[in-house]
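Trainee: Sharing a structure with you now.
The values are calculated or read from the model by the stated rules, or taken from the named source; none is laboratory data. Source: prediction; values computed, not measured. Here Cβ is always computed from backbone atoms with ideal geometry, including for glycine, and neighbour counts include all displayed protein chains. All accessible areas refer to the heavy atoms of the entire protein, side chains included, with ligands and DNA or RNA removed. Shrake-Rupley method; radii C 1.70, N 1.55, O 1.52, S 1.80 Å.
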Amino acid sequence: MAQPAPISASPVHLKLPLALYPADALLGAAYVLLDRCFVYLDEPETGRATVTLRAKPGAASTDVAGEFLNEALAQSWRRAILADNRASIEMISARAVSGAAGPPGLDDLLAMETSDQSAFDDPLGIAMSWEDKYKKKSEAAGEKGSKP
Amino acid sequence: MIERRFRPTFYAAAAVDAAAAVYAPYGTIEVDHAGPAVRVTANAGIDELALADELANYVLGATVEARGADAERPA
């Protein structure tokens, strides 16, 4: 680790409401700028954050302050979108994961219940043959037609 | 001596301890967890403000990395 070099740039202080800029968004924005400036976050009064930015050599404090505000706004907005669409994102992710699981494997097939009682269960009647399904109707129709 | 308050709203206590250990060779770093505050006194020949700022950046970076926050915006 290099020895801390002297700092000559004057700092920029920003006062931001935490209701608009959540703490996570400020931390995220500060993290993006760590290579260009020194950042110190404080909350001197409840709900109001102060951000102190001091540029490292080669950058201007006012420039990094502008970038910080833009980044903080973008991070806040992204978090709001994520919160609004969390249910949809989770549903799509769950479907994607279940779809990626593929067809059942041998273990799944072996675990399936295939006893005599359950093997021929047909609660929806889809295993019924065409003749069985329409026989009674046609017979009934024939009987109706034969009656005087 | 420079004092910095690393409030739990933003900073993790473990990150403060880690930063104090990293920058201990350059000065006296007093960590007051009750504050929570850190008092930085630089060794002779070391810029005290630079040491305090470097320490604050380290605490912030360690906090974000510990949280696993998606701080880095995709390019």
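Trainee: I'd like to check which helices (runs of 4 or more DSSP H) are fully inside the stretch A:70-132 and have at least 2 residues that are open to solvent by 80 Å² or more (accessible area, probe 1.4 Å) and of a type in the set (A, V, I, L, M). Talk me through it step by step, then tell me what you get.
Mentor: On the way: elements: A:86-100, A:106-111, A:116-119.
Passing ranges, in order: A:86-100, A:106-111.
Every residue, every condition in (1) without any contact (Cβ under 8 Å) to a residue 24 or more places away in the chain; (2) more than 7 Å from chain B (Cβ to nearest Cβ); (3) in contact with a strand residue (DSSP E or B) (Cβ under 8 Å, 6 or more places away or on another chain), yes or no:
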{"residue": "A:Tyr21", "(1), (2), (3)": "no, yes, yes"}
{"residue": "A:Ala25", "(1), (2), (3)": "no, yes, no"}
{"residue": "A:Leu33", "(1), (2), (3)": "no, yes, yes"}
{"residue": "A:Pro44", "(1), (2), (3)": "yes, yes, yes"}
{"residue": "A:Thr52", "(1), (2), (3)": "no, yes, yes"}
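Trainee: Does B:Arg39 meet the test of being of a type in the set (Lys, Arg), at the interface with chain A (Cβ under 7 Å from one of its Cβ atoms) and without any contact (Cβ under 8 Å) to a residue 40 or more places away in the chain?
Mentor: Judged against the criteria, B:Arg39 is not a match.
Trainee: List the number of the failed condition for B:Ala14; all other conditions in (1) more than 11 Å from chain A (Cβ to nearest Cβ); (2) closer than 19 Å to A:Leu27 by Cβ; (3) buried (at least 21 other Cβ atoms within 10 Å of the Cβ); (4) not charged (D, E, K, R) hold.
Mentor: Status for B:Ala14: all satisfied but (3).
Trainee: Looking at (1) over 27 Å from the mean Cα position of the chain (by Cα); (2) assigned to a helix (DSSP H, G or I); (3) of a type in the set (A, V, I, L, M); (4) facing chain B (nearest Cβ under 9 Å), which one does A:Ala29 not meet, given that it meets all the others?
Mentor: Single failed check for A:Ala29: (1).
Trainee: Same structure again: Keeping to the stretch A:8-52, report how many residues are open to solvent by less than 20 Å² (accessible area, probe 1.4 Å) and farther than 18 Å from A:Gln75 by Cα.
Mentor: 2
Trainee: Just give me the residues in the stretch B:25-46 being outside any strand (DSSP E or B) and open to solvent by less than 50 Å² (accessible area, probe 1.4 Å), in sequence order. Write out each step before concluding.
Mentor: If we filter the stretch B:25-46 for residues that are outside any strand (DSSP E or B), which is where we start, we get B:25-26, B:33-36, B:43-46.
Passing the criteria: B:Tyr26, B:Gly35, B:Pro36, B:Ile46.
Trainee: So, one more: For the stretch A:53-69, which residues satisfy the criterion of being open to solvent by less than 10 Å² (accessible area, probe 1.4 Å) and in contact with a helix residue (DSSP H, G or I) (Cβ under 8 Å, 6 or more places away or on another chain)?
Mentor: A:Leu53, A:Ala55, A:Phe68
Trainee: Regarding the stretch B:47-67, can at least one residue be identified that is open to solvent by less than 50 Å² (accessible area, probe 1.4 Å), assigned to a helix (DSSP H, G or I), at negative phi and hydroxyl-bearing (Ser, Thr, Tyr)?
Mentor: Within the stretch B:47-67, one or more residues are open to solvent by less than 50 Å² (accessible area, probe 1.4 Å), assigned to a helix (DSSP H, G or I), at negative phi and hydroxyl-bearing (Ser, Thr, Tyr).
Trainee: Within the bounds of the stretch B:16-28, is there any residue that is under 26 Å from A:Gly47 (Cβ atoms) and either touching a residue at least 40 places away in the same chain (Cβ under 8 Å) or not β-branched (Val, Ile, Thr) (or both)?
Mentor: Yes, that holds for at least one residue.
Trainee: Follow-up question, since we're still on this one. Test B:Ala34 against the criterion of being among the hydrophobic types (A, V, I, L, M, F, W, C) and within 18 Å of B:Thr63 (Cα to Cα), and give yes or no.
Mentor: Spelling it out, it is not the case that B:Ala34 is among the hydrophobic types (A, V, I, L, M, F, W, C) and within 18 Å of B:Thr63 (Cα to Cα).
Trainee: OK, next. More than 9 Å from chain A (Cβ to nearest Cβ), touching a helix residue (DSSP H, G or I) at 6+ places or on another chain (Cβ under 7 Å) and more than 20 Å from A:Glu43 (Cα to Cα) - does that describe any residue in the stretch B:44-62?
Mentor: So far as the stretch B:44-62 goes, no, none of its residues is more than 9 Å from chain A (Cβ to nearest Cβ), touching a helix residue (DSSP H, G or I) at 6+ places or on another chain (Cβ under 7 Å) and more than 20 Å from A:Glu43 (Cα to Cα).
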